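The structure under discussion appears below in the form of C-alpha cells.
The values are calculated or read from the model by the stated rules, or taken from the named source; none is laboratory data. These figures come from a predicted structure and were not determined experimentally. Note that each Cβ is placed from the backbone with ideal geometry, even for glycine, and that neighbours are counted across all protein chains shown.
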Amino acid sequence: MARNTKVAADPNAPPVTRTLARFVATHPSTGWSDAVDREAHRTFLNWVGCAVGAARHESVEAALGALAMLRPSAQAAVLGREERLDMAGAALVNGISSHTFDFDDTHLKTIIHPAGPVASALLALAEGTGASGRQVIDALVLGIDVACRVGNVMYPDHYDRGWHITGSTGTLGAAAGCARLLGLDEEKTAMALGIAASQPVGMREQFGTMTKPFHPGAAARAGLTAALLAKHGFTASPKALEAPRGMMQTVSTKNDWNEITDELGSRFEISFNTYKPFACGIVIHPSIDACVQLRERGVAAADVERIELKVHSLVLELTGKKEPKDGLEGKFSVYHGCAAGLVVGRAGEPEYDDDFVNREDVVALRRRVVATVDDSIDEASADVTAVLKDGRRERVFVEHAIGSLERPLPDAALEDKFRTMADPVIGAARVGALLAACRDLGNAPSVGAVVKEARP
C-alpha cells in the first residue's frame, strides 16, 4: 500500500535551534534586572522546599529502589535523603520529588512547572562539577527561558494533544541550563538542544499517578545527559527543533515562531513564574480560594446544602474526578479541593493525604459540590455559591487566585510554605539554614551549603 508522505509543516521555519543556542551560550551573567534575579532565587527556594517535602513519599522510595539496582556511583545528593546517586540518577529523583506534591512553580501562560526539570538537572551537575551558585542561578534563568519560550510557541495545541508540557519542554530547558553550566559554545549548545529534542517526555494520561512526577525527573535526566553528550562531541541535527520533521512541528500544529525571538534577552519568562499556595493542579486554585473565603465569611460545612461551582471546561477536563480514591487522585479533583477549602480553610499537602481524602465529612461535602461548565469564565477564575440549608446563598467570584501573577505569594508566605514542607523531613533546626542557603545562592562559591542543609 502506498504511503501518504505529505507533511503539513512549515519548510521555512526560522533557525530556532541556533537562535536559542547562541542566546544560552553568549548571554552575559546577570544580564537581567534585579527583579529577575530575585525571582530566580524564589524559584530555586520553592523547588528545594517541594523536593525536600516529598523526600519520604512512596514514589521517591520506589525510584530509589529501582536506581539502587543500577549500582550508581555517589556523585550527587538526593534532597531530604541520606542516599547519593550518580548525577543523572539524582536529577531524576529530585525531579520526581519536587513534583510529587504538585506544589511546585507554575508558568501560568503555558502551565509548565519549569524548575522541576531545570533545577533538578542543574543541582546535580553543579555538585558534580563544583560550579558556583552564581553559575547555577544564571543557568536556571536561561534554561527556564528556553523551556517556556518553546512552550509559548506550541501552547495550547501541544498540551491539548495530550502532552505533559512540563516534561516535553523540560528536556530542552534542562539541556540548555546544563550546557550553560558546562560552558559549552554555541555549536555544542545547539547539539545539546538537538539531542534533547529527540527525548520529549510525558503524556497527560498519567495525571493522578506516580508517573506524572516522573515526567520532570525524566526530563531533567534527559537534558543533563544531552548536555554531557554534546560536551564530548555527540552530534544532532542543527535544526532539530524547527525542521518539518523536527520536534516542534511533530508534536504541535501551532508554532508561533515569534515567541522565540520576541524580546529575547530583555524579557525573561522566569518573571512570570508563580508559586502555589495549594498542593494540587493549578486550575483548581480559584475554586479553593473561593471556598476558603466562604469559610472566612462564616459559612460552615455542616450548614451547606450544596456548593454551586461554575468553571471553564478545562477545569473539569483536567480535575473532574468526583470520587478520588487517594491523595494523588485528590490533586485532580476540584470537588475535593472545594471540600478541603471549606472544611479546614487550606489545601496543603496534609489535605491530600489518603486518610483526609477519604475522611467521612470531606467525602460527604464534596458530593454536595455541583459543577457546571461556563466557558465565559476564564480558566483562571471560578464562580462559587454556597447554598445553605436555611435557604441563604453566599457567592464568591475569584478572578485571580492567591498565588497568581495578579496576587503573588509574598516572600513570607513562600517561606512559611517551605517550612511546612521541610520541617517534618529535615527538622526545624536545619530549615532556617537551608532557607538562608537558598536565598544567598547567587553569592555562594558552590551549592555545598544547600546540599549539606537539605540532609535529614
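Name the residue that is nearest to the chain's Cα centre (by Cα), counting only residues in segment 378-390 that are surrounded by fewer than 19 Cβ atoms within 10 Å (Cβ to Cβ) and hydrophobic (A, V, I, L, M, F, W, C).
Per the stated criteria, the residue is VAL387.
Within segment 96-114, how many residues turn out to be closer than 15 Å to THR169 by Cβ, buried (at least 24 other Cβ atoms within 10 Å of the Cβ) and of a type in the set (A, V, I, L, M, F, W, C)?
Here the count works out to 1.
Yes/no matrix, rows are residues, columns are (1) buried (at least 18 other Cβ atoms within 10 Å of the Cβ); (2) within 15 Å of PHE101 (Cα to Cα); (3) at pLDDT below 95:
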{"residue": "GLU329", "(1), (2), (3)": "yes, yes, yes"}
{"residue": "PHE332", "(1), (2), (3)": "yes, yes, yes"}
{"residue": "ALA339", "(1), (2), (3)": "yes, no, no"}
{"residue": "GLU360", "(1), (2), (3)": "no, no, no"}
{"residue": "LEU365", "(1), (2), (3)": "yes, no, no"}
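Kindly indicate which of ALA76, ALA40, ALA63 is surrounded by 12 or more Cβ atoms within 10 Å (Cβ to Cβ) and either under 30 Å from LEU405 (Cα atoms) or outside the structural domain of SER271 (by TED's automatic domain parsing) (or both).
Numbers: ALA76 fails: either under 30 Å from LEU405 (Cα atoms) or outside the structural domain of SER271 (by TED's automatic domain parsing) (or both); ALA63 fails: either under 30 Å from LEU405 (Cα atoms) or outside the structural domain of SER271 (by TED's automatic domain parsing) (or both).
Just one listed residue meets the conditions, ALA40.
For segment 381-412, give me each residue that is outside the structural domain of PRO286 (by TED's automatic domain parsing), free of Cβ contacts under 8 Å to residues at least 12 places away in the same chain and in a loop (DSSP other than H, G, I, E, B).
GLU406, ARG407, PRO410
Could you grab me the full set of residues in segment 413-450 that are among the aliphatic types (A, V, I, L, M), within 21 Å of ASP37 (Cα to Cα), under 22 Å from the mean Cα position of the chain (by Cα) and part of a helix (DSSP H, G or I)?
Listed by number, the residues that qualify are ALA413, LEU414, LEU434, LEU435, ALA437, LEU441, VAL450.
Can you tell me which residue among GLY281, GLY298 is surrounded by fewer than 23 Cβ atoms within 10 Å (Cβ to Cβ) and out of contact with any helix residue (DSSP H, G or I) (no Cβ under 9 Å at 6 or more places or on another chain)?
On inspection, the qualifying residue turns out to be GLY298.
Per-residue answers, yes or no, for (1) surrounded by fewer than 18 Cβ atoms within 10 Å (Cβ to Cβ); (2) under 19 Å from LYS212 (Cα atoms); (3) among the small types (Gly, Ala, Ser):
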{"position": "THR17", "(1), (2), (3)": "no, no, no"}
{"position": "TRP32", "(1), (2), (3)": "no, no, no"}
{"position": "VAL52", "(1), (2), (3)": "no, yes, no"}
{"position": "ALA55", "(1), (2), (3)": "no, yes, yes"}
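Going through VAL292, VAL299, VAL343 one at a time, which residue ends up being within 26 Å of ARG392 (Cα to Cα), modelled with pLDDT of 95 or more and outside any helix (DSSP H, G or I)? Give the derivation first.
Details: VAL292 fails: outside any helix (DSSP H, G or I); VAL343 fails: outside any helix (DSSP H, G or I).
The unique qualifying residue is VAL299.
Can you find, within segment 306-333, the residue that is nearest to ARG393 (Cα to Cα) among those that are touching a Phe, Trp or Tyr at 6+ places or on another chain (Cβ under 6 Å) and either assigned to a helix (DSSP H, G or I) or not assigned by TED's automatic domain parsing to the domain that holds ASP378 (or both)?
Taking the candidates together, the pick is THR319.
Within segment 240-267, work out how many residues are out of contact with any Pro (no Cβ under 7 Å at 6 or more places or on another chain) and part of a loop (DSSP other than H, G, I, E, B).
Qualifying residue count, segment 240-267: 16.
Tell me whether segment 69-85 contains one or more residues that are in a helix (DSSP H, G or I) and at pLDDT 95 or above.
No, segment 69-85 has no match at all.
If you scan segment 64-106, which residues turn out to be closer than 25 Å to PRO408 by Cβ and in contact with a strand residue (DSSP E or B) (Cβ under 6 Å, 6 or more places away or on another chain)?
Scanning segment 64-106 gives ASP105, THR106.
Filter segment 245-254 for residues that are surrounded by fewer than 22 Cβ atoms within 10 Å (Cβ to Cβ) and in contact (Cβ under 8 Å) with a residue 12 or more places away in the chain; which is farthest from ASP104 (Cα to Cα)?
The qualifying residue farthest from ASP104 (Cα to Cα) is ARG245.
If you scan segment 358-380, which residues turn out to be assigned to a helix (DSSP H, G or I) and closer than 18 Å to LEU318 by Cα?
Within segment 358-380, ARG366 is the sole residue that qualifies.
What helices (runs of 4 or more DSSP H) completely inside segment 142-219 contain at least 1 residues that are free of Cβ contacts under 8 Å to residues at least 60 places away in the same chain and closer than 24 Å to VAL60 by Cβ?
Passing ranges, in order: 165-182.
If you go through segment 348-356 one residue at a time, do you hit one that is free of Cβ contacts under 8 Å to residues at least 12 places away in the same chain and surrounded by 16 or more Cβ atoms within 10 Å (Cβ to Cβ)?
No, there is no match, as no residue in segment 348-356 is free of Cβ contacts under 8 Å to residues at least 12 places away in the same chain and surrounded by 16 or more Cβ atoms within 10 Å (Cβ to Cβ).
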